[in-house]
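One structure below.
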Amino acid sequence: MIIEAGEVFTGEIAHSPGWIQLDGERITAVGEGTGPATPDLSFMDDRIVPGYVDVHSHGGGGSSFSTTLDDDIDRVLATHLATGTTTMIASLVTASPQVLRAQIETLATHVRSGDIAGIHLEGPWLSPIYKGAHDPALLCAPAIPLLDELVSAGQGAIKMVTIAPELDGGIEAIRFLTERGIVVALGHTDCSYDQARDALSAGATGATHLFNAMAPLRHRQPGPVLALLRDQDARIEIIFDGVHLHPDLAASVLQQVGDRGVLVTDAMAATGQPDGRYLLGELEVNVDQGIARLAGTDTIAGSTLRLESAVKNAVEAGLSVHDAIHAATTAPAEYLNLPDVGHLKPGSLADLLVLDDELTVECVMRRGHWV
Ligand SMILES: [Zn+2]
């Protein structure tokens, strides 16, 4: 099948006009101008881009990844797929070891089938000072036996762990995880600038939602934020919903870090649903005008964002269209070492979106099938 479009943006290169050739679930060729044969489909007023890749989200459609029910997982995936997210990493909030283990085992079957790209453990190895919407009673220092137990329960499905590196055993835990090919992100942390640099030297490669739930950047105590911004290999997650960060700060960080910027949603169950009461893990969350807060507090508890809106918000705040799309496709795929997605190139999975002028997702293809 050959599809032509006004622009085909591969995640790195824009062909306008461009074409893409597919065979089954894979891309076989991409190019500029007119394709090698008469196109089967034509979108000359639109842009074709890779399917969106969300490496940090907890839920949507009224359901959450913190579950042992397959239907819940399907509902979350369908909610985000409808607006163009073709690859998801399932993020789990802090829970007890037994509960996490059961959730990991459930999610791992969906990772093996290819529905989900991997599991992200956002806790329990977080600072109580920057706990955000994690149950403080269940936070702990990262002892290797528990790390080993949970990683083993995933049988290769755990792809990312968030850690506060200043906790006892933090650096040792980073070495343990990265030696097993698991991405370590610094987050929910009160670490100093030097502690963050040590963690990056030990193998951490990213920031869990930069600025949110971490020691702030101060002029004499620059903390984790400056260490992460200055590390040329560190990927920087940004929740671009206009709530977690001032949009101009979010845009300016993304412009500063270039291709290291990663748009994430941190979406929770209320995504795509009306305002009301929801759960994030075991904690009750109140959603009002789309903003999720721990019930009875001002603490933001995830978002109701989808990547389609994150890309639009970034462009509205001044980011170029190509940089915003790169941050929702190629950058997160490279961050999580997912070579088959996030690019439109020969050999990649046929996950693609048709976007109109306003960057609204008009059509979604996953694994060669229109959704
Ligand atoms: Zn989260």
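The numbers here are math on the coordinates, done by the rules we state, and not lab data. Since the structure is predicted, the reported quantities are computational estimates derived from the model, not experimental observations. For neighbour counting, all protein chains shown are included, and Cβ atoms are generated from backbone atoms with ideal geometry for every residue, glycine included.
I'd like to know how region 19-102 sits against the 2.2 N^0.38 Å rule of thumb: what's its Cα Rg over that expected value?
1.55
Which three extents, in whole angstrom, do the alpha-carbon atoms of region 52-335 cover along their principal axes, largest first?
Computed over the Cα atoms, the extents are 46, 44, 38 Å.
What's the extension gain from A137 to E172 if we count 0.36 nm per residue and subtract their Cα-Cα distance?
Here the segment from A137 to E172 would lengthen by 10.3 nm.
Explain nothing, just compute: Karplus ³J(HN,Hα) = 6.51 cos²θ - 1.76 cosθ + 1.60, θ = phi - 60°, for every residue of region 281-289 in order, whole Hz, x for Gly and Pro.
Listing the rounded values in order: x, 9, 8, 7, 10, 9, 10, 10, 6 Hz.
Can you list the residues of region 187-217 with backbone N under 16 Å from a point 7 Å past the Cα of H246, pointing along Cα to Cβ?
211-212, 216-217
Show that you can apply the helix-only estimate: for the chain, add -39,500 (n - 2.57) for every DSSP H stretch of four or more residues, divide by all residues, and state [θ] at 222 nm to the nearest 500.
It lands at -8000 deg cm²/dmol.
Please give the per residue volume of the convex hull enclosing the alpha carbon atoms of region 253-296, rounded to a whole number of Å³.
In region 253-296, the Cα convex hull volume per residue is 107 Å³.
Under the 0.36 nm per residue contour assumption, what length would be gained going from the current alpha-carbon distance of D356 and D148 to full extension?
Between D356 and D148, full extension yields an extra 70.3 nm.
So how many Å³ per residue does the convex hull of the Cα atoms of region 211-271 work out to? If you can, show how the numbers build up before the last one.
Numbers: hull volume 5.5 nm³, N = 61.
Cα-based convex hull of region 211-271, divided per residue, equals 91 Å³.
Highest mean first, how do 308-314, 88-94, 285-291, 77-83 rank when packing is the count of other Cβ atoms within 10 Å averaged over residues?
In decreasing order of mean packing, 308-314, 88-94, 285-291, 77-83 become 88-94, 308-314, 77-83, 285-291.
Using a 7 Å offset from the Cα along the Cα-to-Cβ direction at both S96 and S320, what is the distance between the two label points in nm, to one decimal?
Distance between label points: 5.3 nm.
When you have a sec, figure out the Kirkwood radius of region 1-40 from all distinct Cα pair distances and drop it here in Å to one decimal?
The answer is 9.9 Å.
Calculate how many DSSP beta bridges within the chain are antiparallel, expressed in % of all such bridges and rounded to the nearest 5.
Close to 55 percent.
Tell me, in nm to one decimal, what length is gained between N337 and D275 on full extension, where the rule is 0.36 nm per residue of separation less the Cα-Cα distance?
18.8 nm
Which number do you get for Rg(Cα) / (2.2 N^0.38 Å) in region 146-218?
Normalised Rg, Cα atoms only: 1.07.
Take the alpha-carbon centre of region 269-329, take the same for region 1-71, and report the distance between them in whole Å.
For region 269-329 versus region 1-71, the Cα centre distance is 23 Å.
Between A102, T304, G60, whose Cα lies farthest towards the positive end of the dipole of the chain when Lys and Arg beta carbons carry +1 and Asp and Glu beta carbons carry -1, centred on the Cα centre?
A102
Counting only Cα atoms, I'd like the Rg/Rh figure for region 240-371, Kirkwood definition for Rh.
1.00
In whole angstrom, how far apart do the alpha carbon centroids of region 187-202 and region 223-246 sit?
One Cα centre to the other: 13 Å.
With just the Cα atoms defining each centre, how far is region 123-183 from region 95-115? Give it in Å.
16 Å
Averaging sequence separations of C-alpha pairs under 8 Å and six or more residues apart, then dividing by the length of region 52-335, give the relative contact order as a whole percent.
Working: 662 pairs, mean separation 54.4, N = 284.
Relative contact order for region 52-335 comes out at 19 percent.
For a quick check: sort R277, R230, R75, R220 by the number of other beta carbons within 10 angstrom, fewest at the front. Don't jump to the answer; show the numbers that get you there.
Numbers: R277 10, R230 14, R75 19, R220 5.
Ranking R277, R230, R75, R220 by Cβ neighbours within 10 Å, fewest first, gives R220, R277, R230, R75.
Run the dipole for region 52-335 about the Cα centre, Lys and Arg Cβ at +1, Asp and Glu Cβ at -1, nothing else charged, and hand back the magnitude in debye, nearest 20.
That gives region 52-335 a dipole magnitude of about 320 debye.
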